[in-house]
Amino acid sequence: MSRRGRALAFGLAAVAAAVISAALANGYGDRVASGYGELRPVVVAGTTLAVGQRIDPKLAAELEVRRVPARFVPPGALSAPPQALGLVTRAPVPSGSYLVASALRPPGSGSKPGLMLGRGRRPVQIAVSGAGALLTAGPPPRGTKVDVVVTVEPQGAGAGRTYVAAPGVPLLALAAGAEAEAAGEAEATLGLTRRQALELIQAESFARQVTILLHG
């Protein structure tokens, strides 16, 4: 075989290998999607982010986007690096970690005087649903009293129930999650007692919905 013929054969073999690799990758992606649910884009920190670090365009370039099964995506996970631009980290974000809305805050918001909580209360962040009405005119003032309402699924043939799990607790912060438009979710930081915090953290995993309403 001539030199030109060998070059053509190698070129065709490379194209064939690329086609086969793509087919295998697509097949793997289809198997993952069928086994674990639809794949969704999630932003992952490509480098460790320090507390109080502002996400500028240069740092945003260090953020990576990966596609993972929807069932493994944490609440409030960002889906694109531009969503983090201009925001500041609330705590250190290790390299390789998902970047979620609750880990970020607007610049300057962390320097406001702290709200004095009652004895035995501490700030706790939970995911809530149906907060769109409270966010329409901007987040309510810090310290606004809210009731945290939990709705649980029915047990067997019985009916589900809705109850006030934490009445009249101070709302410290409220921010729309990354999927707020699609799911109406938000991240609420509340001043809770230990008992209330444990109950609501547990409710996040089993309840159909956790909602906050203005108290009174």
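Every read-out reported here was derived from the displayed coordinates using simple, explicitly stated rules and does not represent laboratory data. On a predicted model such as this, the values are computed, not experimentally measured, just so you know. Glycine gets a Cβ as well: all are built from the backbone with ideal geometry, and neighbour counts include every protein chain shown.
Suppose we keep only residues that are within 17 Å of Ala127 (Cα to Cα) and hydroxyl-bearing (Ser, Thr, Tyr) within segment 64-103. Which one would you say is surrounded by the most Cβ atoms within 10 Å (Cβ to Cβ)? The residue in question is Ser102. The residue that is nearest to Glu204 (Cα to Cα), among those in segment 57-106 that are among the polar types (S, T, N, Q) and outside any strand (DSSP E or B), is Ser102. For segment 184-209, filtered to residues that are in a strand (DSSP E or B) and within 14 Å of Pro167 (Cβ to Cβ), the residue that is nearest to the chain's Cα centre (by Cα) is Leu190.
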